[in-house]
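Participant: I have a structure I would like to understand better, so I am pasting it below and will then ask my questions one at a time.
The values are calculated or read from the model by the stated rules, or taken from the named source; none is laboratory data. Everything numeric in this text was worked out from a predicted model, so none of it was measured. Ideal geometry is used to build each Cβ from the backbone, glycine not excepted, and the neighbour counts take in all protein chains shown.
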């Protein structure tokens, strides 16, 4: 079924490859305790995706390539959440000072890696992410995180709209429902980004960027 759908899209001029540019950055979207710990109502088991992202993160660091994180944080009265919190009442767990808004320890940011605080789905909305990437001469955004149908999708669409080559790493993004995950990966790959396996991204990095330790 998926193969037939891809064939139809290809015949109609969709799903071409955008490829990599000259300099990539890694964007890790909302792999915070509130989403990676099932004890939080917002959370799911993303152990595989977090571990895969940790592997990719290590390579970006060894090659001295830019790394950016996002978290979602709201004020005590949820004023900054606007109507979003009416649609998703569980966002109330993501209040400032809560353990749920902290980046998962398996991906702990290092000095020089920015953690962008956002209030809505896209990592670009209400932040200076785009201008920061331009300042770092980045033209390619490699996206990991959660959820595929929410913040990953919104960020990937905005990444394309901001003019970045956009790569979504299949092994490094996750969702609460497999059906939502697969449907959104299909649509992203058809219209806004290249959805690649982690092995393909690692191969590109190893072939084009020497490790800073060498």
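Participant: Among the residues that make up the range 126-148, is at least one of them part of a loop (DSSP other than H, G, I, E, B), surrounded by fewer than 15 Cβ atoms within 10 Å (Cβ to Cβ) and in contact (Cβ under 8 Å) with a residue 24 or more places away in the chain?
Facilitator: For the range 126-148, residues part of a loop (DSSP other than H, G, I, E, B), surrounded by fewer than 15 Cβ atoms within 10 Å (Cβ to Cβ) and in contact (Cβ under 8 Å) with a residue 24 or more places away in the chain: present.
Participant: Still on this structure: Scan the range 157-174 and tell me whether some residue there is in a helix (DSSP H, G or I), in contact with a helix residue (DSSP H, G or I) (Cβ under 6 Å, 6 or more places away or on another chain) and modelled with pLDDT of 95 or more.
Facilitator: Within the range 157-174, not a single residue is in a helix (DSSP H, G or I), in contact with a helix residue (DSSP H, G or I) (Cβ under 6 Å, 6 or more places away or on another chain) and modelled with pLDDT of 95 or more.
Participant: What are the pairs with Cβ atoms under 6 angstrom where one residue, in the range 1-19, is at pLDDT below 75 and the other, located anywhere, is part of a helix (DSSP H, G or I)? Sequence gap at least six, or different chains.
Facilitator: 15/9; 15/190
Participant: Do you know which of the residues in the range 64-96 that are assigned to a loop (DSSP other than H, G, I, E, B), in contact with a helix residue (DSSP H, G or I) (Cβ under 6 Å, 6 or more places away or on another chain) and at negative phi is surrounded by the most Cβ atoms within 10 Å (Cβ to Cβ)?
Facilitator: Filtering the range 64-96 for residues that are assigned to a loop (DSSP other than H, G, I, E, B), in contact with a helix residue (DSSP H, G or I) (Cβ under 6 Å, 6 or more places away or on another chain) and at negative phi, the one surrounded by the most Cβ atoms within 10 Å (Cβ to Cβ) comes out as 94.
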